[in-house]
């Protein structure tokens, strides 16, 4: 796809002093997030540390009870829904689609924010959808039903829909969940290519630290609703960081293929369960 011409292309997201939670439960307090423009950022950390909650706040799906989120120099709280949808797209963790919808129809839904009462569907929209299908390698699936596809294929189609929205900022909540390793790599290679070719700012929540190190330019390591460290993977991923964030003893070496940090768990978190001694009976 061609680089977006949106006026906020490459705009960074910035959260300042965020208090986030659900009802009476506070997940994060005084949380600051600084997302570099035009880069791939991965939010990493243990389960329930606030990664997806932070992403929801950046997407304005969750309203902070304190603090602000800026897209470029604009406070997203003051943007209209359509204006925000022209600048930022989100692929949630478990997206839902109507039964029986075809791939092309789903991808075309990404064009909804671009439609106005005086500007209905046009050949330009068709061209954007075609480019999104081509960029994600799903053109040959266009006439098939979404429910006929494998998990990896469906994830590519959902990303194609987000691409058809044609925003300079793309948020992905655990885009590799439920995928086998080959499909995880496939999806992340696609994300990296989209960033290289279009200069999109990409923010994604990932559980697999080694894949985050390999495919993200910038990591935000979180624990218990706070940022422990943020920066390029090669600068911040150390045995001390892995122990502090994941409570896991590990060795960190340089990946011989990608040249990025490679975390090798050492184990030792739980005592070994002794086996039966010689002469013991069941």
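Read-outs: derived from the displayed coordinates by stated rules, not from any lab. If you're wondering where the values come from, they're calculated on a predicted model, not measured in any experiment. Here the Cβ is made from the backbone with ideal geometry for all residues, glycine too, and neighbour counts use every protein chain on show.
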Acute angle (nearest 10 degrees) that the helix 123-135 long axis makes with the longest principal axis of the chain, alpha-carbon atoms: 20 degrees
FRET efficiency for residue 66 and residue 115, Cβ-Cβ distance as r, R0 = 22 Å, nearest 0.05? 0.05
Rounded to the nearest 500, what is the chain's calculated 222 nm mean residue ellipticity when only DSSP H runs of at least 4 contribute -39500 (n - 2.57) each, over all residues? -8500 deg cm²/dmol
Treat the count of other C-beta atoms within 10 Å as a stand-in for reagent exposure and order 89, 122, 94 from fewest to most. 94, 122, 89
Can you give me the angle between helix 181-198 and the longest principal axis of the chain, using Cα atoms only, in degrees from 0 to 90, rounded to the nearest 10? 50 degrees
Provide the percentage of antiparallel DSSP beta bridges, counting only those with both residues in the chain; round to the nearest 5. 60 percent
From fewest to most C-beta neighbours within 10 Å, the residues 22, 215, 178 line up as 22, 178, 215
What ranking do 51, 63 get, fewest neighbouring Cβ atoms within 10 angstrom at the top? 63, 51
Computed over the chain: longest principal axis from alpha-carbon atoms vs helix 151-164 long axis, angle to nearest 10 degrees, is 40 degrees
Expected unfolding gain across residue 253-residue 37 under the 0.36 nm per residue rule, minus the alpha-carbon gap, is 74.9 nm
